[in-house]
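**Student:** Pasting a structure below so you can have a look.
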């Protein structure tokens, strides 16, 4: 009976991760339609995306306290319910301001869900944690790929973004209902004990800032490449978007496949050795690809395979390094991680305007290598304390 409950819970989380990625990543495909529908310019779209990102960061910051107050199951149901509400508002929005409101609510729900997934998955698979965590993050890459492809197909068939969000509203509502009946395991101790644990100031924990620094740099290296590579290739190599997108699409495809298989690698090499090796090899491949140019850009794509294990394994390390109030610590670290990566992504634009793409494109692999150095510091400290 206990095993069946855990299997149902893990299946729900896998479906949820796929659904979150699906909904999140149709934005890039439907933005031209949104601009035409509401008569917008690029500045309006940037404003919407910035508010959405801030909503997500704020939700991850609050998620730890909400989980401790209401429990994982009800926080999960709340997050999915807010996502359904956001989809409903966007599906029936009469104006751009209402659409933005829906996007904000959607991202608040996704912020809660992200913390839940990253806290609960390690707890349900004590023996095969690396495989389980990398597996659920594979579902994100898979969902992103399917979402982008399907959204493009549906638009070609005459669908509007409003129609898509109405259907997604129904899917998220069903998932919210299922979440109310799912068993979620307890982490370290039961939730009541965890919520009544002695007050913990994360900002005075040395490992807290080491994880925030390393994860911010890595997330920037990954997302920054996704945001800027195609534009870099267009500006510096006069490469069309269709050809340039092949390289970044292959990068994310390998990122997803790597997460599917990465758990076995992590279990054999060890968590920190895998993180450090993946960060270094992936970053070096990006530099090699940029220098080689032409078909050498597929080296950049190949970096996705090695980058794939870094983030999910880092999240798993959080739950093992911090023994108490795991939900609280995870939410705080993820909040500052995403905030840091947002700032670094904005910095790329400034460096590009001042120095050009030929300099700014190297910010991503340099960030990945710097993250590896910080992970080496974490490894040394853990070994010194016989972790």
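**Student:** Within the range 257-271, can one find any residue that is over 25 Å from residue 21 (Cβ atoms) and touching a residue at least 12 places away in the same chain (Cβ under 8 Å)? Steps first, answer last, please.
**Tutor:** Of the range 257-271, the ones over 25 Å from residue 21 (Cβ atoms) are 268-270.
Those left that are additionally touching a residue at least 12 places away in the same chain (Cβ under 8 Å): none.
No, the range 257-271 contains no residue that is over 25 Å from residue 21 (Cβ atoms) and touching a residue at least 12 places away in the same chain (Cβ under 8 Å).
**Student:** Among residues belonging to the range 300-346 that are modelled with pLDDT of 85 or more and either touching a strand residue (DSSP E or B) at 6+ places or on another chain (Cβ under 6 Å) or not in a helix (DSSP H, G or I) (or both), point out the one that is nearest to residue 227 (Cα to Cα).
**Tutor:** Taking the candidates together, the pick is 308.
**Student:** What is the number of the single condition among (1) touching a helix residue (DSSP H, G or I) at 6+ places or on another chain (Cβ under 6 Å); (2) assigned to a helix (DSSP H, G or I); (3) modelled with pLDDT of 90 or more that residue 98 does not meet?
**Tutor:** Here residue 98 clears every test but (1).
**Student:** Within the range 28-50, is there a residue that is modelled with pLDDT of 80 or more and at positive phi?
**Tutor:** Within the range 28-50, one or more residues are modelled with pLDDT of 80 or more and at positive phi.
**Student:** From 62, 40, 78, grab the single residue that is in contact with a helix residue (DSSP H, G or I) (Cβ under 8 Å, 6 or more places away or on another chain) and not in a helix (DSSP H, G or I).
**Tutor:** Of the residues listed, the single one that is in contact with a helix residue (DSSP H, G or I) (Cβ under 8 Å, 6 or more places away or on another chain) and not in a helix (DSSP H, G or I) is 40.
**Student:** Might you let me know whether the range 237-250 holds any residue that is assigned to a helix (DSSP H, G or I), touching a residue at least 60 places away in the same chain (Cβ under 8 Å), touching a helix residue (DSSP H, G or I) at 6+ places or on another chain (Cβ under 7 Å) and surrounded by fewer than 18 Cβ atoms within 10 Å (Cβ to Cβ)?
**Tutor:** no
The values are calculated or read from the model by the stated rules, or taken from the named source; none is laboratory data. Source: prediction; values computed, not measured. All Cβ positions, even for glycine, are placed from backbone atoms using ideal geometry, and neighbour counts span all protein chains on display.
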